[in-house]
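Derivation of every value follows stated rules applied to the coordinates shown; laboratory data play no part. In this text the structure is predicted, and so the values were computed from the model without any measurement. Using ideal geometry, Cβ is built from the backbone for each residue, glycine included, and neighbour counts are taken over all protein chains shown.
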Amino acid sequence: MTNVPLRPRVLRVIVVRHAAAGTPAASARDDSRGLTPEGEGAARRLAQFGVFDRATGFFAGPEARMTATIAPVATAHAQRVVVMPALAEGAVGGWLPPDRFAEAVSRFFDDTAIAPMPGWESRESVARRVGGQVEAVRGACPPDVSPDRVVPGVAVIATGGRAAITFLADQLEWTADEAHAAWTRLRFPDVAVIDLPADGAPRLVIPFGALSV
């Protein structure tokens, strides 16, 4: 009798950058922002992508826009979205206008250890938080086991652009310039796929920008 391993040697992670969200009211929290009508349409279109077909878990940061982005595709696969605070975009001290936000993000990627402005986390902190949560998800995504093969589990995580790029940059050892350039090219939403072997080097399977959402 063949012993089929019950734990995958590779976890495939589908990283989703949230769809377009609205601007919050002056008194509203940034994490309460919902998707725009265009963002809602893009989230529904994600359900058409075959890349999600073997997903065994859907996880999102606590921001409303993240859950809303992958809820349609999770529902299409008869699953629900599990909210995980560690997958948050990260504290930013409130919503910022686009120009100020871009300046802060540039500083965020330039220095891994220093928060770019009051209320923000450092890139090092975000990498540790998101990477630790993704690794914890490995055990929650069981493989697809049949008598002759084991297909590794596939985890879908939805987060913000900075957190998504920080996670990939940390896994793939990107330079600060490479990470910042990747962030500037992100779309709303965007999808990347990375394989994380239990005992080997991570491998980027699909980069952000490759799928037309």
Point to revise | Choice from Met66, Met84, Met117 with maximal GNM fluctuation in the chain (Cα, 10 Å cutoff) | key: Met117
Review point. Which value, in nm² and rounded to one decimal, describes the direction-averaged projected area of the C-alpha convex hull of the chain?
Key: 11.9 nm²
Study note, to complete from the structure: Measuring from its Cα centre, the chain shows a charge dipole (+1 at each Lys and Arg Cβ, -1 at each Asp and Glu Cβ) which, in debye to the nearest 20, is 540 debye
**Study point:** Rg in Å to one decimal, and Dmax rounded to a whole Å, for the stretch 144-213 via C-alpha atoms
**Key:** 14.0, 46
Check your understanding: In what sequence, highest mean first, do 138-150, 162-174 appear when ranked by Cβ atoms within 10 angstrom?
Key -> 162-174, 138-150
Study note, to complete from the structure: the stretch 173-213: Kirkwood hydrodynamic radius (Cα pairs, Å) comes out at 11.5 Å
Practice item. Would you mind computing, in nm to one decimal, how far apart the modelled labels at Asp53 and Ala181 are, each placed 7 Å from Cα along Cα→Cβ? Key: 3.4 nm
Point to revise | Theoretical gain in end-to-end length, Phe101 to Thr23 [0.36 nm per residue, Cα-Cα removed] | key: 26.8 nm
